[in-house]
Each structure stands twice: as C-alpha cells, then as structure tokens.
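Please treat every number below as a calculation from the coordinates, not as lab data. Since the model is a prediction, treat every value here as computed from it, not as a measurement. Positions of Cβ are backbone-derived with ideal geometry, glycine not excepted, and every protein chain shown enters the neighbour counts.
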Amino acid sequence: MPCALTETNVLDVWENGLGSTPAGRSVLLASLAAPAGQDVAGLPLSTLNALLLHLRSGAFGDLLPCVTDCPECGESLDVTVAADELRALGAGGTAAPGPGGRTEPAVATLTAHGMDVTFRALTARDVQAVDPGTPDARRQLLLRCVLHVSPPADELPDEVLEDVARRLPGLDPGADPVFTLDCPQCGHRWQAPLDIADHVWADVSGYAHRLLHEVHALARAYGWTEAEVLAVGPLRRRFYLEASAG
Ligand SMILES: [Zn+2]
C-alpha cells in the first residue's frame, strides 16, 4: 500500500495543491494513498475520505485537533477527533483503501411524483465538475447523480431531486462525516461537519512551511542549496539549525 507523504515530496504536493480547488486538492492528496492507476476522482466520497485518513494517520498520526465556535454563544471549542471515530462514522469504515474497498458508487432507486429514479452516490469528479459559485450548483450536482428516469422526463422537478439528496447520505455513509458537539458554556448541542481533506491540506501546508523555513535558515547559514538542505536528514538538520542560531 503506497502511503507517500514524505519530506521528499511534500513540497511538490503542497505546490500542486496551492493552485487547485478544494475538490482537486482532495483528489491530489487521496491519490498519494491510493494504489497506482486507481481512478481516485471516480471513487465514492467515503472511500476518498478513507484514503485521506490513511494518508493522514501515516504522516501525522491518528488524532485530529479541531477548533470550532459554538453557533449559539460563540464560545471557542477545542475538540480532538480520533481517526477511529471517523472510521466508525463510515468514513471508509467498510471500505479499506485498496483493492478490497468499494471503488464504485452505490446505486439505488426511488419512486417520486410517479417516476422511478435510479441514482448513484457522489464522487469527487462530480464535485469538481460543478462550479460552486453558479446559482444552480446544487441542482447540477444532484443531476449528475441521476442515472435513469422512468418514464423519461425532459426536466426533473426540484422536489424529486431533493428526494435524491435526502437519500444520498444513506447511500454513502461517511461521505460527509458530522459530529455531535456540546457547548460547555451554554449547553447548546449541534451537528458539526468535519472536512477531512481540509484537515490534511492544513497539515500538508504546515509541514511544507516548516520545511521551507528550515531550507531558508540553513541556506542562509551555510550557503547550501534547497536540494542540499533536504538531503540532510531531519535529526541532523535540527542540530545544524540550533548550531547556526546559537
Ligand atoms: Zn455555546
């Protein structure tokens, strides 16, 4: 199982992700943990999340520190989420990354307004294809899930698409993990979404920035090139950083 987020590629990954959309970044990051040749953009979102969790656990550990504000009183909450809790919510719980995981979005059929509508779970490719800034972005996204309508209809009513939307979380549990949080200040309880790709991207950004600062400090102190600094292992680099600062 490749799980490649290392000092040797993190700067390239960060640079590639910078110019990308959030959906593009999640595909870029998940690809690092996917088997070679896997069509990551076509995976169901829960499997994509499983790959992201796998990548993050390997590179940064199993705990995700989150900071969020209570929507009622504004109190800031520090919450630490374990990767296992996310897996239990269905973020790849049944879909271990790799050949054994679910690689095709699940399909279901519902009947509404006299129509049988066959639809599938969302993939990252769907999210990438729809500009979130367009007024009917939600409708476009839902239409991408619809595979077949019987009897055929020129245009699907919004109510039918909303029926599809209500069924999507059940079709792909773990696609959009949410947590129940309790505010210790005012007692308010609410459901907070957790975007795993956002987390991994923040970690990658932090990692890349630390590395760039180290390159900068050592290049200035010793006249080394970036490649020369990165060729020195992290332990020895720390020694040189301390020595040059002292
Ligand atoms: Zn509160």
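From the square roots a ≥ b ≥ c of the eigenvalues of the alpha-carbon gyration tensor of the chain, which class results: rounded (a/c under 1.5), prolate (a/b over b/c), or oblate?
Values: a/c = 2.48, a/b = 1.81, b/c = 1.37.
Note, shape of the chain comes out prolate.
For Ala112, enumerate residues with amide H under 5 Å from its amide H, sequence gap 5+ or separate chain, H modeled in the peptide plane.
Val117
For segment 107-171, what is one quarter of the convex hull surface built on the Cα atoms, given in nm²? Write out the running numbers ahead of the final one.
Numbers: hull surface 17.1 nm².
Average projection, Cα convex hull of segment 107-171: 4.3 nm².
Say R0 is 25 Å: what FRET efficiency, to the nearest 0.05, do Ser20 and Ala165 get from their beta-carbon distance?
Numbers: r = 26 Å, r/R0 = 1.04.
Efficiency for this residue pair is about 0.45.
What is the distance, in nm, between label points placed 7 Å from the Cα along the Cα-to-Cβ direction at Val67 and at Asp39?
For Val67 paired with Asp39, the spin-label model returns 4.1 nm.
What distance in nm lies between label points placed 7 Å from Cα along the C-beta direction at His113 and Asp12?
Output for this residue pair reads 4.9 nm.
Given a Förster distance of 22 angstrom, what is the FRET efficiency for Thr80 paired with Thr180, based on the Cβ-Cβ distance and rounded to 0.05?
Calculated value: 0.90.
What helices in the chain pass both tests, a Cα length along the helix axis of 18 Å or more and a mean Kyte hydropathy of -0.5 or higher, using whole DSSP H runs?
Helices passing the filter in the chain: 45-60, 158-171, 196-222.
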